[in-house]
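The values are calculated or read from the model by the stated rules, or taken from the named source; none is laboratory data. On a predicted model such as this, the values are computed, not experimentally measured, just so you know. Cβ placement follows ideal geometry from the backbone for every residue including glycine, while neighbour counts extend to all protein chains displayed. Note: accessible area is taken over every heavy atom of the protein model, side chains too, but ligands, DNA and RNA are not part of it. Shrake-Rupley method; radii C 1.70, N 1.55, O 1.52, S 1.80 Å.
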Amino acid sequence: MTTKTETTDARKPPAQRTAPADWPPGRPRWWQRPWIAPLASISLLFVAFSLPPYLSLNPERSRVPQPDNFAAHYPLLVAHVVFASVALLTTSPQVWPWFRQRYPVAHRLIGRVYVLGGVLPAGITGLLIGAFSPFGPLARVSSVLMASLWLLFTVTGYRMARRRQYVEHRRWMIRSFALTASIITNRLWGVIGFLILSPQLDTTFEGSEKMLTWTIAGLSTWLGWVIPLLIAEWWLDRGESGRHGAWLPASVVRSATGPA
């Protein structure tokens, strides 16, 4: 004869009997985040394509022309590319909810690498080389503004984590991650701009390749980071970050009691 309790337990779905105690019902599992793998793959491919020419320390392999009035441009550019690659490669595990919730200590360690070994040095060098960009005044203004916001968002997010204000920390870091990944969309807009505007070289631009290049660079630099940032703000306004950040599993709560 089976008791009422045994009958009830037997009717429970297997997922309910095996789910961890600190995993809330209905919360997506790691395999239900289909954007994580593409983001990580694209980041790896982008770094694999962009970084090697600068590791050679050969100015002739640079994809950015050397400004005539700024001799330190190339060394700063190399440093910027290296540190920005660190920031981009550490983005995927940081925005992966499953990894963040299951491995809070690793999340904090990688976060420090992202901030101190990625965004801060990349942002500072980006400010300097952006101010002397060889792609015209429109690109210069965009580069300086983007680097300034990148530093501001990242430092603010880091301070929120130090204060254990984790929901606000995630909101600011989402903005920071949007600007980190904007280097990829920048290149995409550059290709689109070239395909659309290059046929107009002899008409709209009167044969001036310089003006064509400046226009494409100006548009791609602005669209590259403004659109991802607007998407991030739209996502935040929908309240997704607050709902995700409000729930903390027991392992994260225990970890959060240690030094940030």
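If you go through the range 174-222 and keep only what is among the β-branched types (Val, Ile, Thr) and within 30 Å of Arg100 (Cβ to Cβ), you end up with Ile174, Thr180, Ile183, Ile184, Thr185. Just one residue in the set Leu116, Leu195, Leu212, Leu109 is more than 21 Å from Val47 (Cβ to Cβ) and open to solvent by 20 Å² or more (accessible area, probe 1.4 Å); that residue is Leu195. Looking at the structure I just gave you, is Leu128 open to solvent by 20 Å² or more (accessible area, probe 1.4 Å) and within 21 Å of Gln66 (Cα to Cα)? Yes: the conditions hold for Leu128. Figure legend. Inter-residue proximity from the range 50-76: first residues over 14 Å from Thr125 (Cβ atoms), second residues surrounded by fewer than 16 Cβ atoms within 10 Å (Cβ to Cβ) and of a type in the set (D, E, K, R), beta-carbon distance below 6 Å, spacing 6+ or different chains. Indicated pairs: Pro53/Arg61.
Residues of the range 63-95 that are closer than 14 Å to Phe132 by Cβ and in a loop (DSSP other than H, G, I, E, B): Val64, Pro65, Gln66, Pro67, Asp68, Asn69, Phe70, Ala71, Ala72. The set of residues in the range 171-192 that are open to solvent by 40 Å² or more (accessible area, probe 1.4 Å), farther than 15 Å from Trp225 by Cβ and in contact (Cβ under 8 Å) with a residue 60 or more places away in the chain contains only Arg171.
Any residue in the range 124-138 that is over 10 Å from Leu76 (Cα atoms) sitting within a Cβ distance under 8 Å of a residue that is open to solvent by less than 80 Å² (accessible area, probe 1.4 Å) and outside any helix (DSSP H, G or I)? List the pairs, counting only those 6 or more apart or interchain. Between residues of the range 124-138 that are over 10 Å from Leu76 (Cα atoms) and residues that are open to solvent by less than 80 Å² (accessible area, probe 1.4 Å) and outside any helix (DSSP H, G or I), the close pairs are Phe132/Pro67; Phe132/Phe70; Ser133/Pro67; Pro134/Val64; Pro134/Pro65; Pro134/Pro67. In this structure, Phe83 does satisfy being closer than 19 Å to Leu179 by Cα and in contact with a Gly (Cβ under 8 Å, 6 or more places away or on another chain).
Kindly indicate whether any position in the range 223-237 is among the aromatic types (Phe, Trp, Tyr), over 30 Å from Arg100 (Cα atoms) and open to solvent by 60 Å² or more (accessible area, probe 1.4 Å). No, the conditions are met nowhere in the range 223-237.
Summed over the range 42-60, the residues that are within 19 Å of Ile183 (Cα to Cα) and in a helix (DSSP H, G or I) give a count of 13. Of the residues contained in the range 100-122, one or more are found to be under 19 Å from His169 (Cβ atoms) and hydroxyl-bearing (Ser, Thr, Tyr).
Give the range 139-164 a look and list any residue that's within 21 Å of Arg108 (Cβ to Cβ) and touching a Ser or Thr at 6+ places or on another chain (Cβ under 6 Å), or say none. Selection gives Phe153, Thr154, Gly157.
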